[in-house]
Amino acid sequence: MPDRPRMEEALDFLRAELAAGRSTTTELTTRAAWLAFMRFGRQRFATAPTPDSDGLLFQYGTYAFSGRPMFTVDLTRQFDISGDDGEHDHYVQVHCEFRYEPGLALDALGSFNSWFFHDANADLDQWFAAMEGRLELLLDRGPSEIDLYEEPV
């Protein structure tokens, strides 16, 4: 897979997609961020050709991770990392989190999560369409906070 970028470059790819076509004065909407994540999700990285080596996670809910409750949409890319013996060692997740002030409409959404795995014979466009439907209330809003980060899990 020499033509695919390395997994270590994933966070930079996501940052570039979020910045693409945006001026410094343009507020990032959820729709623009979702479109950036879809482009990022379509980009294949140099991973093992196994069903769980490259996954996308869409999840949301109201959480108090930063101290006060916020409705959080977490768009995640997960890579399986193997040890020298070729066996699973750990995962690396690249997160794109959007936080919104809670409200009755967002609280009514509750919590939700869904996975998609490349190389697992699933339809990426169908998954994207289903997840976009879950974002309907937020598409034209800008998040109160955005956090991009990478972590081993």
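We did not get these values from a lab; they are worked out from the coordinates using the rules stated. Computed from a predicted structure; not experimentally measured. Ideal geometry is used to build each Cβ from the backbone, glycine not excepted, and the neighbour counts take in all protein chains shown.
Worth a mention:
- Relative to the longest principal axis of the Cα atoms of the chain, the long axis of helix 124-134 lies at roughly 20 degrees.
- Sequentially through segment 142-153, phi angles give Karplus couplings (6.51, -1.76, 1.60; θ = phi - 60°) of x, x, 6, 9, 10, 9, 10, 7, 10, 8, x, 9 Hz, Gly and Pro residues having no value and appearing as x.
- Using C-alpha pairs below 8 Å separated by at least 6 residues, the relative contact order for segment 7-152 is 29 percent.
- Near Leu124, once Lys and Arg are set to +1 and Asp and Glu to -1 for all other residues with Cβ below 13 Å from its Cβ, the sum equals -1.
- Among Asp84, Asp12, Asp123, the largest mean-square fluctuation in a Gaussian network model of the chain (Cα springs under 10 Å) belongs to Asp84.
- The fewest-to-most ranking of Val94, Val153, Val73 by surrounding Cβ atoms within 10 Å reads Val153, Val94, Val73.
- For Arg99, the shell of other residues with beta-carbons less than 11 Å away shows a net charge of -4, using +1 for Lys and Arg and -1 for Asp and Glu.
- Phi to ³J(HN,Hα) by Karplus 6.51 cos²θ - 1.76 cosθ + 1.60 over segment 84-97, Hz, x for Gly, Pro: 4, 7, x, 8, 4, 10, 6, 10, 10, 10, 10, 9, 10, 9
- Between the helical axis of 10-19 and the longest alpha-carbon principal axis of the chain there is an angle of about 40 degrees.
- For the chain, built as a Gaussian network whose Cα springs stay under 10 Å, the top-fluctuating residue of Gln78, Gln126, Gln43: Gln126
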